[in-house]
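Contents: one structure, followed by commentary.
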Amino acid sequence: MLPAVVFSAGVLAAGVGSMLPRLVYRCAVPAGCPPRAACQHCRIRFRPALWGWVVLGNGCGNCERNLGPAWPLLSGLLTATSGVMAWRIAPLTVDEFVLLVAWLLLACAGLLLACVDVTVRRLPTPFVLATAAILAGLVGVAASTARQPWMLVNSLAASSALAGVYLLLALVGGGMGMGDVRLAAVLGLVLGTAGWTAVLLGATLPYLLAMPSAVMRLRRDPKQRHLPFGPYLVAGAILAVCLTGA
Ligand SMILES: [Zn+2]
């Protein structure tokens, strides 16, 4: 059963990962700007509705130039991450499958947000809030299927705790932005279902992962305090569940 779950998660992630470049390309815009509506090279507008967003690979449909990050990189990263998460979570019951779906969704949304953060140093609020709403719904379904209301309580408590810690860090000038605080709250929602060890790891691992890069940046430019922290937050949460299982 488990090999089939790992294989399915990997195949699904490979497909989704190869569609991420267009989403990253369109969402990576400065604050206050609408999502990109056209190719920057040939200026031809993307197809309307979903067809302009859900596109395999990197190529512009018109001039065929590359748009967004390389799709094999995103697809490979998401496939490996999803496979390991499925293996570590090893779902057997319905609620565990629902939680695996939540983690897989978090990995997809997290990778998209990480790419946008690296490109334009921001985490688009509507996307973060939409992810939070879907994940909270999935945790609610898992809690009610398992008949364990504590799961939802833990999830909300972990979300508040992580948001509180990161808000404090943002206020004391730890190089965080409010986007990081909101993302930490979203990650807390799912980390809370994996237990408090996972929450603790999810709170501390981003710092450990970001430290080498932060030190190098400060050496290059001591005034450079803001680091795109989204990728480290997402990587920390995923690493936490891979280390602890769910
Ligand atoms: Zn083009």
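For the chain, give me every cysteine whose Cβ has no other Cys Cβ within less than 4.7 Å, ordered by residue number.
Unpaired cysteines in the chain: C27, C33, C108, C115, C242.
So what is the 222 nm mean residue ellipticity for the chain from helices alone, if each DSSP H run of at least 4 adds -39500 (n - 2.57) and you divide by all residues, rounding to the nearest 500 deg cm²/dmol?
Roughly -24000 deg cm²/dmol at 222 nm, from the helical runs in the chain.
Which values of log₁₀ I(q)/I(0), to two decimal places, follow from the Debye formula for the stretch 154-237 at q = 0.17, 0.21 Å⁻¹ with a uniform point scatterer at every Cα?
-0.62, -0.89
Neighbour counts of other C-beta atoms within 10 Å: give me H41, H226 arranged from fewest to most.
Exposure proxy ranking, most exposed first: H226, H41.
Once you treat every alpha carbon in the stretch 2-244 as an equal point and sum by Debye, what is log10 I(q)/I(0) at q = 0.08, 0.12 Å⁻¹?
Listed by q, the Debye log ratios stand at -0.31, -0.70.
Return V118, V55 ranked ascending by Cβ neighbour count within 10 Å, so the fewest neighbours appear first.
V118, V55
Which residue fluctuates most in the GNM of the chain (Cα springs below 10 Å): P69, P206, P126?
The residue that fluctuates most here is P126.
Read-outs throughout are calculated quantities, based only on the coordinates presented, and are distinct from any laboratory measurement. Being a predicted model, the structure only gives us computed values, none of them experimental. Glycine also receives a Cβ, built like all others from the backbone with ideal geometry; neighbour counts cover every protein chain displayed.
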